[in-house]
1. Would you check which residues across region 168-205 are touching a residue at least 24 places away in the same chain (Cβ under 8 Å), over 19 Å from L53 (Cα atoms) and of a type in the set (G, A, S) and list them?
2. Does region 120-134 hold any residues that are of a type in the set (A, V, I, L, M), under 17 Å from G195 (Cβ atoms) and surrounded by 15 or more Cβ atoms within 10 Å (Cβ to Cβ), and which are they?
3. Being part of a loop (DSSP other than H, G, I, E, B) and either in contact with a Lys or Arg (Cβ under 8 Å, 6 or more places away or on another chain) or among the β-branched types (V, I, T) (or both), is that true of even one residue in region 181-195?
4. Would you say L150 is over 10 Å from the mean Cα position of the chain (by Cα) and on the phi > 0 side of the Ramachandran plot?
5. For region 178-192, which residues satisfy the criterion of being of a type outside the set (D, E) and more than 13 Å from the chain's Cα centre (by Cα)?
6. Out of all the residues in region 158-165, is one or more assigned to a strand (DSSP E or B), in contact with a strand residue (DSSP E or B) (Cβ under 7 Å, 6 or more places away or on another chain), within 30 Å of T47 (Cβ to Cβ) and at pLDDT 90 or above?
Amino acid sequence: MAAARDPLAGADPAAPDPMAGAGPAAPDPMAGAGQPDPPARWRVIVTVAAVVLVLDVLTKIWAVARLEGRPEIVLVPALLGEQVGPLLRLTFWRNPGAAFGLGASAGLTLLFSVLAVAVAIGILGYGRRVTNLAWAFALGGLLGGALGNLVDRVFRSPGPLRGHVVDFLGLPHFPIFNVADSAVTCSAVAIVILGILGVAPTWRR
């Protein structure tokens, strides 16, 4: 009589493996889910804003000391005829309005000051989420320009939030402006271009 088969005995090596030929394992849907997002460009925004602000403040201090009450200084003479005038000149003006002399009234000056504060707070809050370098530079320039003119409106006469902004750069047939105005304009153009190109300010998964 044959002995009963031991259930604990090893499997027959000749028996086919039920898992053989099953192919590669299916990909794990959670693979890569723990990858960190690209770092925010907060430091870039703050650094660019600080550079613009310092440059704007220093140039305005120089303009008040060297240009106020004096004849304008022609840096680049008229190359396209006297009707066009100098291509670049330094001429002093205290602007009660917004950039390029827009809205030169006491009520609008106060409004522009409040708007500048709102823009600065908005950029500082949203900037912590920005991961795109181009957007960081654009927002930093916008922030620095807004703060530069806000400093004038807060600390210059005739009073807080109503102070006149110092402008000193002149182009042919163009309002007199300053470094802060240039930064705001260039940053706004950059933001429009980035939007047209579909460049997102934050990283998309």
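The values are calculated or read from the model by the stated rules, or taken from the named source; none is laboratory data. All values derive from a computational prediction rather than experimental measurement. Quick reminder, even Gly has a Cβ in these numbers, built from the backbone with ideal geometry, and neighbours come from all protein chains shown.
1. Across region 168-205, the qualifying residues are G170, A200.
2. So in region 120-134, the residues of a type in the set (A, V, I, L, M) come out as 120-121, 123-124, 130, 133-134.
Imposing the further condition that a residue be under 17 Å from G195 (Cβ atoms) reduces the set to 123, 130, 133-134.
I123, V130, A134, listed by residue number.
3. Checked against the condition, which is being part of a loop (DSSP other than H, G, I, E, B) and either in contact with a Lys or Arg (Cβ under 8 Å, 6 or more places away or on another chain) or among the β-branched types (V, I, T) (or both), region 181-195 yields no hits at all.
4. Details: over 10 Å from the mean Cα position of the chain (by Cα): yes; on the phi > 0 side of the Ramachandran plot: no.
Against the criterion (over 10 Å from the mean Cα position of the chain (by Cα) and on the phi > 0 side of the Ramachandran plot), L150 does not qualify.
5. Initially, region 178-192 is screened for residues of a type outside the set (D, E), giving 178-180, 182-192.
Passing the criteria: N178, V179, A180, S182.
6. The answer is yes; a qualifying residue exists.
Each row is one residue, and each column tells you yes or no for (1) surrounded by 22 or more Cβ atoms within 10 Å (Cβ to Cβ); (2) at pLDDT 95 or above.
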residue: A138; (1), (2): yes, yes
residue: L143; (1), (2): yes, yes
residue: L147; (1), (2): yes, yes
residue: V154; (1), (2): no, no
residue: G170; (1), (2): yes, no
residue: H173; (1), (2): no, no
residue: C186; (1), (2): no, yes
residue: G195; (1), (2): no, yes
